[in-house]
Amino acid sequence: MKTVPSCLVVWLLQLTMLQGAVSSEADCGLPVISPRIVGGEPANDGEWPWQVSIYENGMHVCGGSLIASEWVLSAAHCFQNTGEKDLLLGAYQLSNPSPNLKISQIQEVIPYPGYNGDGDDYKGSTGDIALVKLASPVNFTDYILPVCLPDASTQITRDSDCWVTGWGQINENDGLGSPKTLQELKVPIIERDPCNKFFNMNPEEDVGTDPIKQDMICAGYPEGGKDSCFGDSGGPLVCKLNEIWNLAGVVSWGDGCARINRTGVYTSVIYYANWIKATMNDGPTNTPTMTFLLISLAVGLL
């Protein structure tokens with residue numbers, strides 16, 4: 001059996017490790033530009049580099065969050081319409097595209113298998129979450145970076161520093177005006193039982209009583225006036241944990257926008273953390289095969 005010089009063995013092993021480094025993800029949840037402590041105002045360009053705009057027929061229809069080079073997380077109800085969609089990454093002002101903008105095509109949409117929404121009738125639906133796989137990996141920049149995914153044991157409390165962002169309407173009747181600058185809003189987390197009590201005041205017929213289920217998070221202001229709104233669906237609710245931004249929720253539904261005793265309702269990313277990670281990892285990879293070939297060559301098996 002032929003042998004390979006030890007120096008070649010070292011070089012091949014280093015090449016194997018380098019390949020892993022090249023394909024690894026950037027540090028998540030660490031934007032280059034830090035957010036300001038304001039609410040309901042335009043964000044700074046680059047503050048929320050994981051923010052995604054979902055476009056259909058040349059129009060913004062929903063938001064999303066970049067969670068890996070090939071994956072975006074959004075709401076399942078954003079994909080009930082089967083029209084062709086694209087993803088805008090690195091966007092800031094939708095009417096004034098910048099050189100930081102990257103348009104990505106969608107390879108596959110994977111809604112949560114238990115999603116029970118029906119067309120436009122999705123208010124109160126459980127499982128309103130979907131993974132979107134990009135047709136090709138995106139290159140990370142200062143304006144395109146992933147947000148961190150929490151694990152199933154992560155705790156988000158009402159004292160957490162949480163924000164919602166998006167290009168949705170500024171109230172129930174008015175859209176975001178040109179140049180359509182990304183908006184940000186600091187929101188307090190509201191526990192499920194108190195939130196259900198708010199929604200049980202004059203409950204809507206289509207959602208009934210106790211509409212906030214275990215897979216949902218409430219965030220906002222019971223006194224009204226500040227909230228996510230139509231067009232923000234699928235976008236991120238992020239919370240800062242140990243100085244790192246984590247994706248806590250996905251904008252899902254509400255009773256109008258910014259009404260009294262009606263806060264925004266978000267799908268809990270923590271609740272679906274295991275499904276998200278299992279689905280993302282359920283795909284073939286060439287790395288183990290390449291590693292085996294290189295090591296085999298190093299020890300003289302080939």
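The values are calculated or read from the model by the stated rules, or taken from the named source; none is laboratory data. Please read these numbers as outputs of a predicted model, since none were measured by experiment. All Cβ positions, glycine included, derive from the backbone under ideal geometry; neighbour counts span all protein chains shown. All accessible areas refer to the heavy atoms of the entire protein, side chains included, with ligands and DNA or RNA removed. Shrake-Rupley method; radii C 1.70, N 1.55, O 1.52, S 1.80 Å.
Taking each residue of the range 202-214 that is in contact (Cβ under 8 Å) with a residue 24 or more places away in the chain and looking for partners that are charged (D, E, K, R) and open to solvent by 60 Å² or more (accessible area, probe 1.4 Å) with beta-carbon atoms closer than 8 Å, six or more apart or interchain, yields D206/D121; I212/R192; Q214/R192. Applying the criterion of being small (G, A, S) and open to solvent by 60 Å² or more (accessible area, probe 1.4 Å) to the residues of the range 167-225, the residue that is nearest to N261 (Cα to Cα) is G225.
What about G117, is it open to solvent by 10 Å² or more (accessible area, probe 1.4 Å) and closer than 29 Å to K213 by Cβ? It is true that G117 is open to solvent by 10 Å² or more (accessible area, probe 1.4 Å) and closer than 29 Å to K213 by Cβ. Per the conditions (1) among the hydroxyl-bearing types (S, T, Y); (2) at pLDDT below 95; (3) in contact with a strand residue (DSSP E or B) (Cβ under 7 Å, 6 or more places away or on another chain), the sole criterion not satisfied by T181 is (2). Of the residues screened, T263 is one that is more than 19 Å from T154 (Cβ to Cβ) and at pLDDT 50 or above. The condition (being more than 18 Å from K123 (Cα to Cα), surrounded by 22 or more Cβ atoms within 10 Å (Cβ to Cβ) and at pLDDT 90 or above) is satisfied by just one residue among N274, N242, N246: N246. Here D128 fits the description: charged (D, E, K, R), part of a loop (DSSP other than H, G, I, E, B), touching a Ser or Thr at 6+ places or on another chain (Cβ under 7 Å) and crowded, with 20+ Cβ neighbours inside 10 Å. For the range 142-163, a tally of residues being assigned to a loop (DSSP other than H, G, I, E, B) and open to solvent by less than 50 Å² (accessible area, probe 1.4 Å) returns 8. Is it true that some residue in the range 212-224 is of a type in the set (D, E, K, R), out of contact with any Phe, Trp or Tyr (no Cβ under 9 Å at 6 or more places or on another chain) and at pLDDT 95 or above? Yes, that holds for at least one residue.
Residues are listed down the side, and each one gets a yes or a no for (1) crowded, with 17+ Cβ neighbours inside 10 Å; (2) touching a helix residue (DSSP H, G or I) at 6+ places or on another chain (Cβ under 9 Å); (3) farther than 15 Å from A130 by Cβ; (4) modelled with pLDDT of 95 or more:
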site: I33; (1), (2), (3), (4): no, no, yes, no
site: P49; (1), (2), (3), (4): yes, no, yes, yes
site: C62; (1), (2), (3), (4): yes, yes, no, yes
site: L73; (1), (2), (3), (4): yes, yes, no, yes
site: E84; (1), (2), (3), (4): no, no, yes, no
site: G90; (1), (2), (3), (4): yes, no, yes, yes
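As a summary of the residue check, F230 satisfies the conditions (1) open to solvent by less than 10 Å² (accessible area, probe 1.4 Å); (2) under 21 Å from the mean Cα position of the chain (by Cα); (3) not small (G, A, S) except for the one numbered (1).
Based on what the data block shows, is S136 within 17 Å of W50 (Cβ to Cβ), assigned to a loop (DSSP other than H, G, I, E, B) and hydroxyl-bearing (S, T, Y)? Here the answer is no, as S136 does not meet what is asked.
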